[in-house]
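**Q** Quick one: the structure is below, questions incoming.
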Amino acid sequence: MSKELKNITDNIMNQIHDEKIKMHSRIYFIIGSILTFAGLVSSAVISVFLVGLIRFSLRSHGPMAGYRLDQILSGLPWWTPTLAIIGLVVGIWLLRKYDFSYKINFKVIIVGFILAVIVGGWVIDSIGLNDILTRRGPMQGMMRQYLNDNSIQRGPGWNRK
Amino acid sequence: MSETLKLTDEEIIDRVRSNERDLYSVIIERYKNKLLRYAINLVHDNDHANHIVQDSFIKGYINLNGFNTKKKFSSWIYRIVHNEAMNVVKKYQKEVPILDDFDFESEEDTLKKFEQKETAVYVEKCLSSMPLIYSEPLSLYYLDDKSYEEISDILRIPMGTVAIRISRAKKLMRNICQKN
């Protein structure tokens, strides 16, 4: 048996007694979990909205595919996917950091997240929630800006409250 | 002290968290030899393995409030050692020495023990010749007596994958050890 191994207990216990190493408080882990959850939820919301926006944009520019693609690429608010990707990366990093000891299948989380975003975006756009959000919701300002920048004609119900 | 020895790991952790910090030494004593052997099987270097085990106990203590006492402490601490060892493996990928003469603590010195020890050393040498993805679950299963479920928790792979890797590892082991 190596000498170092014999000393492991003493080394660690001395550091604990001298308070060189301290336990993180429970609140540290609670805050970490809340931040992780909030990060993932916000990135999911932004991503869902983005999918809805793309579908909306595809509809509002008519049948010319090349034109629509150009319009989407030129008018896309790039900060939203960037924020979503950063949110996802930070969320997973935090999950790994705070929950490093338990089995988490990150592949399933990522695939599930992407599927949820696409399906969520499609459903939101299909049931018209997207339109309601653009008129009254928190995304109203951003949506107005997007429509103005791309000279997209507003429907008759635009100003309806 | 004898009372504390009867406590489960999870009960001890609960008491350490409620300010009985000295009890953490019981946990260290329970696990340090097992974890050292596990770390050596991963990195094949005594010094690195010692540091890995020490750092893992320190990380474990710092994050003790993040441990869920409804789960097994042993899987939790093995996972920390696995993570630390993987960092070392990545860092020193090109210089992985083969372990020749490491001896573990043994209080008995009978012939039987000696033979068992020789077998263990032989098995460890065979293990060190195998790729890590096979040697790790095999050593956890046979040397550390972990169940498929625990190995799945430690390595974060599905139980089916654990079974497949152990099965392949056994075949590899047979081939490698027969050649030696």
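Throughout, read-outs are computed from the coordinates displayed, never taken from laboratory work. None of these values were measured; they are calculated from a predicted model. Here the Cβ is made from the backbone with ideal geometry for all residues, glycine too, and neighbour counts use every protein chain on show.
**Q** Please find the FRET efficiency linking B:Asp14 to B:Asp47, where r is the Cβ-Cβ separation and R0 is fixed at 30 Å, and quote it to the nearest 0.05.
**A** According to the calculation, E is roughly 0.35.
**Q** Students often get this wrong, so check it: of B:Lys70/B:Lys171; B:Lys91/B:Lys146; B:Lys6/B:Lys32; B:Lys70/B:Lys170, which have C-alpha atoms separated by over 25 Å?
**A** Long pairs (Cα-Cα over 25 Å): B:Lys70/B:Lys171; B:Lys91/B:Lys146; B:Lys70/B:Lys170.
**Q** For the residue pair B:Lys125 and B:Thr4, what label-to-label distance in nm results when each label sits 7 Å from Cα along the Cα-to-beta-carbon direction?
**A** 4.1
**Q** Give me the inter-chain shielding for B:25-33: mean count of other chain Cβ atoms within 10 Å, whole number please.
**A** 3
**Q** For the pair A:Gln15/B:Lys91, report the inter-label distance in nm, with labels modelled 7 Å from Cα in the Cβ direction.
**A** Result: 1.3 nm between the two label points.
**Q** Just tell me how shielded B:68-75 is by partners: mean number of partner chain Cβ atoms within 10 Å of each residue's Cβ, no decimals.
**A** Mean shielding by partner chains, rounded to a whole number: 1.
**Q** From the convex hull of the Cα coordinates of segment B:1-93, what is the mean projected area in square nanometres?
**A** 5.9
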